[in-house]
């Protein structure tokens, strides 16, 4: 008996010379050099200069004077800063959940329409984003006009108001008007993303759940919502950042008024640095902004990261209660309950798509087997 031993032969790659490696490395760094110069000159250097200037009383009229932490002490004692910080958080807390909820509702309504209708709605909602903030602001300023604006006209026609309201000149309504405009310019991108995410959900799982008697809300909450969770997290983060950066609307409409009721951090940084020429104090504002932004991003992430495991655990607890009732009823129902509520043998295989009710997946496999059986064994119908 002859035994043949299989041997593997390692083919050694030819070694490159050190000169060739050095030449390729230098060429790579030369290609990166323009981007590196731009990044260092327009990002890193201004950030360092901002930190240094925040410790000086820097203006255009005289030389900089070192004041230490005086700018920061004045900052936290400034009522305008505290009011701008409060307005910024109000804008974020109101606009982010409303934008995400409205975008998800619209996307769920138009995703099942014909393709041309879905594309039309996406274009309509995305139009304010493409148009630009200046054009959108001009239109809304005309609508808010206290003499011939459409809001006053409709309010007086419907009997909601007795006289014209100066929407942007009244402290009670100015910030709400800004938030309303921000919502109309923020829903375009989330709707496009949600329509794409909902279109990628496995429809066979949804159909199997509907056959088993699941309602539309159950199909959405147990199947679609876990599948679009990454998209929701991205939308929450992007919307939070955009809400913090609200500047153009306030500059063009109210300029922070009336009586600083619409001041935000971004606008007042601009006002302090380029209107009052207090560069050191404005830079202190800039350094305080990153300390508040991560907290909002963290809260948005917690809102979005209700994971599939939590949904599965809640549903499995309900399934266990139903199984216990079935066990108490009769042996036949106990067997049925054991068949309907057994745990998924491979939960990782269906992670993010299952209903946490394995009977839906079993029914889905049953439908596939039945279709395969009918394909290979067609029924003969007598004439």
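Derivation of every value follows stated rules applied to the coordinates shown; laboratory data play no part. Computed from a predicted model, the values in this text were never measured in an experiment. Positions of Cβ are generated from backbone atoms using ideal geometry, with glycine treated the same way; all protein chains shown enter the neighbour counts.
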Once all Cα-Cα distances of the stretch 158-288 are split into 5 Å bins that start at 0, what whole-number percent is in each one? 2, 9, 13, 12, 12, 11, 9, 9, 9, 7, 5, 2, 1, 0
Which of the peptides 218-225, 118-125, 44-51 is most tightly packed, and how do the rest follow, going by the mean number of other Cβ atoms within 10 Å of each residue? 218-225, 118-125, 44-51
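What ranking, highest mean first, results for peptides 198-204, 19-25 when packing means the other Cβ atoms within 10 Å averaged over each residue?
On the way: 198-204: 14.1, 19-25: 10.3.
The densest-packed peptide leads the list: 198-204, 19-25.
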Cα centroids of the stretch 31-98 and the stretch 191-216: how far apart, whole angstrom? 46 Å
